[in-house]
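Enquirer: Questions regarding the structure given below will be posed in turn.
The values are calculated or read from the model by the stated rules, or taken from the named source; none is laboratory data. The structure presented is a predicted model; accordingly, all values stated were derived computationally and were not measured. Neighbour counts run over all protein chains shown; Cβ positions are idealised from the backbone, glycine included. What goes into the accessible areas is simple: the full protein's heavy atoms, side chains included, and nothing from ligands, DNA or RNA. Shrake-Rupley method; radii C 1.70, N 1.55, O 1.52, S 1.80 Å.
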Amino acid sequence: MVPLRAIFPVKNYDLAHTLGSGQTFRWRRNADAWTGVIDGRWVRLRQESDAIHAQALGPEDDWQWLRRYLQLDEDLEKVLRSFPDDPPMRDSITACRGLRLLRQDPWECLASFICSSTKQIVQIEQIVEMLCRQFGEVAPVPSGVEAVWAFPTVERLAGTSEKELRACKLGFRAPYLLGTARILAAGEVDLSRLHQMSLAEARAVLQGLPGVGPKIADCVLLFAYGFQDAFPVDVWIMKALQELYFPKRRPKLPRLRHFRRTYFGPHSGYAQQYLFHYMRTAHKGH
């Protein structure tokens, strides 16, 4: 099969920061290109200066699905101007400039972050890859390209067993993923309706699912639904807040929660991702 090709002019976009910042777990880098699967499609992306070169297999050449996924039309300068003008944020922007928040499929994003609990990014990637190989459909690829798999559907995972999921190294997360899949497959929760809700309402729905706490809920709301005031807090963000904003104090958790809720502005989730990636990469070891 011959892939479709497109070139997207971009400004202030960094593909490596975006795909490698822990938002998603399906992309693999090979030399200067990234290969992944979006909605069951094989996709290859490569950036050359101010252009992203894309290849994909699909039934049509309307690339809006990819523009939306990559958030190519986001006014990033406007977002960055909304961040606090302080040394940690300036350093984060300098180190991670061009990082965008993706707009992912809600089910894949939710299931992936349920798998993420207490795991490092490389381990999450391995778990997600095993789930896709075991339970996902094989996706069409160009001739001579290694096979890839679509993310398994809600219905497919709902029909598995805890034992089968544990074989994919899910451990204690297996019953959470299975329980969530069965709730969704039964129609008890409709992920497509969360777009219409407030942040608090959508967060409450997600936290009613097995294995979904505040951090996972906020990751899904930020990376799949575009709630840019969702602010996931994990060990890296706690480290960032304590080291960069409260270096000589040990603020209590309620103080930190109030600070991150009120300090970072209307795009606080975006600011969080810059801090997160900065702490994991440029600031690591300081």
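Enquirer: Report the residue count in segment 243-268 for those that are without any contact (Cβ under 8 Å) to a residue 40 or more places away in the chain, in a loop (DSSP other than H, G, I, E, B) and open to solvent by 20 Å² or more (accessible area, probe 1.4 Å).
Expert: Qualifying residue count for the region: 6.
Enquirer: Select from segment 216-242 the residues that are free of Cβ contacts under 8 Å to residues at least 24 places away in the same chain and open to solvent by 10 Å² or more (accessible area, probe 1.4 Å) and write down the one among them that is farthest from GLY22 (Cα to Cα).
Expert: Selected residue: GLN242.
Enquirer: Does segment 150-168 include one or more residues that are open to solvent by 50 Å² or more (accessible area, probe 1.4 Å), outside any helix (DSSP H, G or I) and over 21 Å from TRP27 (Cα atoms)?
Expert: Taking segment 150-168 and keeping what is open to solvent by 50 Å² or more (accessible area, probe 1.4 Å), we get 153, 155-156, 159, 162-164, 166-167.
From what is left, the residues that are outside any helix (DSSP H, G or I) are 153, 159, 167.
Pick out the ones that are also over 21 Å from TRP27 (Cα atoms) and you get 159, 167.
Yes, the conditions are met somewhere in segment 150-168.
Enquirer: Restricting the search to segment 100-125, which residues are part of a helix (DSSP H, G or I), of a type in the set (A, V, I, L, M) and either surrounded by 20 or more Cβ atoms within 10 Å (Cβ to Cβ) or in contact (Cβ under 8 Å) with a residue 24 or more places away in the chain (or both)?
Expert: LEU110, ALA111, ILE114, ILE121, ILE124
Enquirer: Taking interchain pairs and intrachain pairs at least six residues apart, which have beta carbon atoms under 7 angstrom, with the first residue in segment 70-83 and more than 14 Å from CYS96 (Cα to Cα) and assigned to a helix (DSSP H, G or I) and the second among the basic types (Lys, Arg) and open to solvent by less than 10 Å² (accessible area, probe 1.4 Å)?
Expert: Partner pairs satisfying both residue conditions: LEU70/ARG100.
Enquirer: Further question on the same structure: Take GLN207 and decide whether it is among the polar types (S, T, N, Q), under 25 Å from LEU177 (Cβ atoms) and touching a residue at least 40 places away in the same chain (Cβ under 8 Å).
Expert: Here the answer is no, as GLN207 does not meet what is asked.
Enquirer: Report whether or not SER192 is polar (S, T, N, Q) and surrounded by fewer than 19 Cβ atoms within 10 Å (Cβ to Cβ).
Expert: Considered against the rule, which asks whether it is polar (S, T, N, Q) and surrounded by fewer than 19 Cβ atoms within 10 Å (Cβ to Cβ), SER192 comes out as yes.
Enquirer: On to the next question. So ARG26 fits all but one of (1) surrounded by 18 or more Cβ atoms within 10 Å (Cβ to Cβ); (2) free of Cβ contacts under 8 Å to residues at least 24 places away in the same chain; (3) not in a strand (DSSP E or B); what number is the exception?
Expert: (2)
Enquirer: I've got another one for you. Inside segment 29-57, can you point out the residues that are within 13 Å of TYR69 (Cβ to Cβ) and open to solvent by 20 Å² or more (accessible area, probe 1.4 Å)?
Expert: TRP34, ASP39, GLY40, ARG41
Enquirer: Kindly indicate the residue of segment 126-149 that is charged (D, E, K, R) and part of a loop (DSSP other than H, G, I, E, B) and also nearest to GLY36 (Cα to Cα) among those meeting that condition.
Expert: Per the stated criteria, the residue is GLU146.
Enquirer: Here's another thing I want to ask about it. Has segment 87-99 got any residue that is assigned to a loop (DSSP other than H, G, I, E, B), open to solvent by 40 Å² or more (accessible area, probe 1.4 Å) and either among the hydroxyl-bearing types (Ser, Thr, Tyr) or over 23 Å from ALA230 (Cβ atoms) (or both)?
Expert: Taking every residue of segment 87-99 in turn, none turns out to be assigned to a loop (DSSP other than H, G, I, E, B), open to solvent by 40 Å² or more (accessible area, probe 1.4 Å) and either among the hydroxyl-bearing types (Ser, Thr, Tyr) or over 23 Å from ALA230 (Cβ atoms) (or both).
Enquirer: Counting just the residues of segment 182-196 that are touching a helix residue (DSSP H, G or I) at 6+ places or on another chain (Cβ under 6 Å) and assigned to a helix (DSSP H, G or I), which one comes out farthest from ALA158 (Cα to Cα)?
Expert: LEU194
Enquirer: If you don't mind, another one. Hey, can you tell me all the residues within segment 169-181 that are open to solvent by less than 50 Å² (accessible area, probe 1.4 Å) and either more than 16 Å from ILE127 (Cβ to Cβ) or not in a helix (DSSP H, G or I) (or both)?
Expert: Passing the criteria: LEU170, GLY179.
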